[in-house]
Amino acid sequence: MKSQDLQKQIFELPPHYDWKEVEERICAVWEKTGYFNPDNLPERHQKPFSIIMPPPNVTGVLHIGHSLMLTIEDILIRFERMRGKKTLWLPGTDHAAIATQSKVESIIYKEEGKTRYDYGREEFLKKVEAYAKDSHDTIVSQIRKMGSSCDWSREAYTLDEMRSRAVGEAFKRMYDGGIISRGKRIVNWDPKLQTTVSDDEIEWKEEKIPFYYVRYGPFTIATARPETKFGDKYVVMHPDDERYSKYTHGQKLDVEWINGVIAATVIKDPAVDMSFGTGVMTITPWHDAADFDIAKRHGLDFEQIIDFDGKLLPVAGEFAGAHIKKARPLIVEKLKSKGLIEKIDGEYIHRIAANSRGGGIIEPQIKEQWFVNVNAKFSAGSGSASGRKKQNSKLHSTKDGEETTVKEIMKSVVESGEIKIIPEHFEKIYYHWIDNLRDWCISRQIWYGHRIPVWYHEPKCVPKPRREDDCGRCKEVVVSAEKPVCNFCDGEYVQDSDTLDTWFSSGLWTFSTLGWPAFADTAMAGKPGRENDLANYHPTDVMETGYDILFFWIARMILMTTYFLGEVPFHTVYLHGIVRDAERQKMSKSKGNVIAPLAMSEKYGTDALRIALVFATAAGNDISLQEDRIRGMKHFSNKLWNIARFVLARIGDAEIAADTANPPPAITGADRDILKKMKETISEVNSSLEDFSLHRAAQAIYDFTWHEFADTYVEESKKQLDDEAVQQNTKRLLLHVLANTLKLLHPFMPFITEEIWSKMPIRDKKMLMIEQWPR
RNA sequence: GGGCGUUUAGCUCAGUGGUAGAGCGACUCUUUGACGUAGAGUAGGCCGGGGGUUCAAUCCCCUCAACGCCCACCA
């Protein structure tokens, strides 16, 4: 570049920073260079560094939590890219089965008064897909606007072809390995959405409701839910309870109950809390998980009382067909009239379970469902067996071939430090969750999602064998992505109508996005291209997400990855807090307190929004964001812009090299001071970023820029620029300090720094995003 | 019932074993000089209470309180 051209450019830096124009232009330039794709990075970028983006749901628009996630991850990626790593940040979106389906259901209900059943499965799914596509496009364009330097050529969707293949393969391997099985167990049933949900998706709400003390033969039992009690024929007490020592286990008694005499059986079980209520209870094994366990222990009968719509079954006699909500007061009336109610406690606090995904009140039901058995034993590494490799565990904490369970592995990889969780105290919370972990119900009765790859022989068994000796050889259940054909009879295979919990496919995310299972055996480390991603970028370096999905997602990824790859999915988990408003309320649409990130970035610039998000937040702490704060950071953009204008207007024909490793000599005291402070700042920013203390890094560079560079050195330089002895050196020093400031700030404020950089007289200049990080 | 977090300026939050920090707000000053789309400056704090360790505690330990979160099969 000729120096005359440089001069010309210098004067092009306008008096005000027009972020709208700059952001759009810079964004296009970045994407055109292709450097977001690690395969296109220059030679010096060798060592891989990878982050897989937590995929936003395709249920709407980007919210402030997404912006925080994108900002943090982009900072880490840009920092490592400038440090010379071969950085992959892989983006994607999540089909969010239940959330997306209910969103569309509510839209068609509002607009057309129709339900999904009016459309039928196929037509309804078309509607959902159209909605998802639309939402996806909006979200992707918004992710781009945040300045996210992710590789769109590798974009993934949890429900696309590659990911579907991964899900099918995963299901089959777990099924073959005995980790997944079908069972009739008690599950959380949502009568409103007509599906099961997992334990983690349940939200508990407290409610003050009457607590009834009811006569049950010689006993008094207490219940909050008399409407479930029709079939109660077991009366349970603690074996050590002396009040009831005259009753023996298995003893039969006739008791007068809601709809007449019932033959009751006494059961002694230590699960009963002697100090609660009367110490005696009747059980409803079909509709209560604790009762279910007791019944199983003693081999008792199970009887369904409530149907899947929440209505009472014929066992309820005269109340049959009534909805439980309406039936309760009527049943209480009847109990009263029969003189069975002894007293009513009006102060009882009851916890009710609701489906947190916009569903209804959970009614436990017994249903045949698919489960991931967290306590099933298997040999470590067997899940990754494929091709020639029989066993393949690379974990330090669990040896290849060692007998273990998913639960044990999930815990040990964190205990051993193979996965580090930041902030650390979440490790305890994680362990605690694992200790309480029960089998994971993965089948859902909704339509949008991965269809369970299981086929059942219809008609059941083998009615018309082609040859006599083949009779009975038909497989009743086949696990396969494709529809199987029966070789032995005319029977057909029909696919399971259920879909998989969305977290099942999310759990595979860190490796399904990198080419598993297609390239699991052929990927070669060090070779470019997507077919080698698994070898190059797995395990990933950092998983960054909100602490609220530690269990839903982080835990499931650890489960899946350790099983299928015999590796950890990531080395570090960085958990950020929840963004709250000035009243410390969680932002939500229903509360109307949402700070829309896009509106903020239009008002103050994306850079201001980004640095405001990280500036005052520590990992794991909730963030209270006010618009004032973003505005304050706009002032900082303004400051930086004007420093640059000053420097560029004063440096004449001076220029420096792009590699800022060697500063110009320090002649004056001010020179020495600024270089010393700069060195300190570089080292502070480095160590803070390495520790994931992004806010400390941001503060260090903010302070340096404003108070050391602008307030101090720029002021001093005005005198030095009039002094012929140091004039020329001062110019180069101003350029040098500005160059390093831009580099340090680039991960936080990529647009304005790239723009200023492009106007600077620098030899061998590249895009700032791939320049050498200050040393 | 367990577990965890928070408590610092008027507000929202950083932070450190040794003179307490930012943004916003308040007040004062400053417009041909990089920055009025603002800048410079000032005021404002027994760092939740009590106890302990230490030469020294806002920071480490104990305890209490308030607020918040997570987990849990008291029917």
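Readers should treat all values here as calculations from the given coordinates under stated rules, not as data from a laboratory. Note that the coordinates shown come from a computational prediction; the quantities given were computed from them, not determined experimentally. FYI the Cβ positions are ideal-geometry reconstructions off the backbone, even for glycines, and counts take in every protein chain you see.
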Pairs A:Lys133/A:Lys407; A:Lys252/A:Lys334; A:Lys103/A:Lys145: which are spaced more than 27 Å apart, C-alpha to C-alpha? A:Lys133/A:Lys407
More than 21 Å apart - percent of Cα-Cα pairs taken over segment A:628-715: 40 percent
Just rank A:Met274, A:Met760, A:Met146, fewest to most, by other beta-carbon atoms within 10 angstrom. A:Met274, A:Met760, A:Met146
Please list, in order along segment A:561-574, the HN-Hα scalar couplings obtained from phi with the Karplus expression 6.51 cos²θ - 1.76 cosθ + 1.60 (θ = phi - 60°), rounded to whole Hz, x for Gly and Pro. 5, 5, 6, 8, 10, x, 9, 7, x, 7, 8, 10, 10, 10
Mind listing which trypsin sites (Lys or Arg not before Pro) in segment A:605-636 are in a DSSP loop and have 12 or fewer other Cβ atoms within 10 Å? none
Suppose we keep just the DSSP beta bridges with both residues in chain A; what percent of those would be antiparallel, to 5? 70 percent
Kirkwood Rh over Cα pairs of segment A:257-328 into Stokes-Einstein at 25 °C, 0.890 mPa s: D in µm²/s? 178 µm²/s
Likely footprinting exposure, A:Tyr109, A:Tyr234, fewest C-beta neighbours within 10 Å first: A:Tyr109, A:Tyr234
Rank these for me by crowding, A:Met543, A:Met678, going from fewest to most other beta carbons within 10 Å. A:Met678, A:Met543
Can you grab the distance from the C-alpha centre of segment A:89-128 to the C-alpha centre of segment A:504-575, Å, no decimals? 28 Å
In segment A:240-279, the chymotrypsin sites (Phe, Trp or Tyr not before Pro) that fall in loop regions by DSSP, at most 13 other Cβ within 10 Å: A:Phe276
Checked against the positive end of the charge dipole of chain A (+1 on Cβ of Lys and Arg, -1 on Cβ of Asp and Glu, about the Cα centre), the farthest of A:Ser141, A:Trp757, A:Gly358 is A:Ser141
Using only Cα atoms, what Kirkwood radius does segment A:681-727 have, in angstroms? 11.9 Å
The whole-number value in µm²/s of the Stokes-Einstein translational diffusion coefficient for segment A:11-93, with Rh from the Kirkwood sum over alpha carbon pairs at 20 °C and 1.002 mPa s, is 145 µm²/s
Just how large is the dipole of chain A about the Cα centre, in debye to the nearest 20, putting +1 at every Lys and Arg Cβ and -1 at every Asp and Glu Cβ? 360 debye
Global geometry of segment A:167-294, whether rounded, prolate or oblate, following the gyration tensor of its Cα atoms and the 1.5 cut on a/c: prolate
Dividing the alpha-carbon radius of gyration of chain A by 2.2 N^0.38 Å (N being the number of residues), what value is obtained? 1.17
Of A:Met69, A:Leu41, A:Val414, whose Cα points farthest to the positive end of the dipole of chain A (charges on the beta-carbon: +1 Lys, Arg; -1 Asp, Glu; origin at the Cα centre)? A:Leu41
Where the only charges are on Cβ atoms (+1 Lys, Arg; -1 Asp, Glu), what is the dipole of segment A:70-152 about its Cα centre, to the nearest 20 debye? 420 debye
In whole Å, what is the distance between the alpha-carbon centres of segment A:625-648 and segment A:9-66? 20 Å
Please state the charge dipole magnitude for segment A:668-775, taken about the Cα centre, from unit charges on C-beta atoms (+1 on K and R, -1 on D and E), reported in debye and rounded to the nearest 20. 380 debye
Give the distance, in whole Å, between the Cα centre of segment A:710-775 and the Cα centre of segment A:421-452. 49 Å
Cα Rg, Dmax (largest Cα-Cα span) when computed across segment A:356-431, Å: 17.0, 49
Tell me what chain A gives for mean residue ellipticity at 222 nm when only DSSP H runs of n ≥ 4 count, each as -39,500 (n - 2.57), the sum divided by the residue total, rounded to 500 deg cm²/dmol. -11500 deg cm²/dmol
